[in-house]
Amino acid sequence: MQQVLVKITENMQIIYRKAIDADSALDKLQQSGKAKFSVIFTEDNGFTTKSKRFGPYVDELASDVTMLQSNDVNIENEITTIVKKMELMLLTLAKFKITL
């Protein structure tokens, strides 16, 4: 289980760095009159956060990871949820980078 938590932490660091770059690009796009959308992820994607930037989603994911590390109850269900969110974040960030 410890190895899983280490991998989750490593992926969080990757997501965090990519989210900072993506949010910077979104700021530039918005300043030029583009990036006209209300949220990045909808509720059916598993996130409760609603934002035009990736940072708040990273914060939600980090909170989930922190709770996972401090709570042994339903750890398998929590890991599944976190991994799905991470996968979605990484895929979305990669697609966004390609479109720039």
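All of the numbers you see were taken from the coordinates with simple rules; none came from a lab. The shown structure was predicted, so the numbers you read here are calculated from the model rather than taken from an experiment. Reconstructed Cβ throughout: ideal geometry from the backbone, glycine too, with neighbour counts over all protein chains shown.
Observations on the model:
- Under the simplified labelling scheme, the Leu5-Ala25 pair shows an inter-label distance of 3.4 nm, with each label point 7 Å from Cα along Cα→Cβ.
- Averaging 1/r over every pair of different alpha carbons in region 25-77 and inverting the result gives a Kirkwood radius of 12.9 Å.
- Nearest-ten-degree value, helix 55-70 long axis tilted from longest Cα axis of the chain: 0 degrees
- Unit charges on C-beta of K, R, D, E only; dipole of the chain, Debye: 680 debye
- Here Ser63, Ser51 are placed in order of increasing Cβ neighbour count within 10 Å, fewest first, which gives Ser63, Ser51.
- Among Val65, Val39, Val83, residue whose mean-square fluctuation peaks in a GNM of the chain (springs only between Cα atoms under 10 Å): Val39
- Over 24 Å (Cα to Cα) - which of Lys28/Lys97; Lys7/Lys95; Lys7/Lys52; Lys7/Lys36 fall in this group: Lys7/Lys52; Lys7/Lys36
- Here the ratio of the Cα radius of gyration of region 1-46 to 2.2 N^0.38 Å is 1.58.
- Binned Cα-Cα distance frequencies in the chain - 5 Å width, integer %: 2, 12, 24, 24, 17, 10, 6, 3, 1, 0
- Sum of -39500 (n - 2.57) over DSSP H runs of 4+, divided by residues of the chain (222 nm, nearest 500): -25000 deg cm²/dmol
- This ranking places Met89, Met1 by how few other beta-carbon atoms lie within 10 Å of each, fewest first, which gives Met1, Met89.
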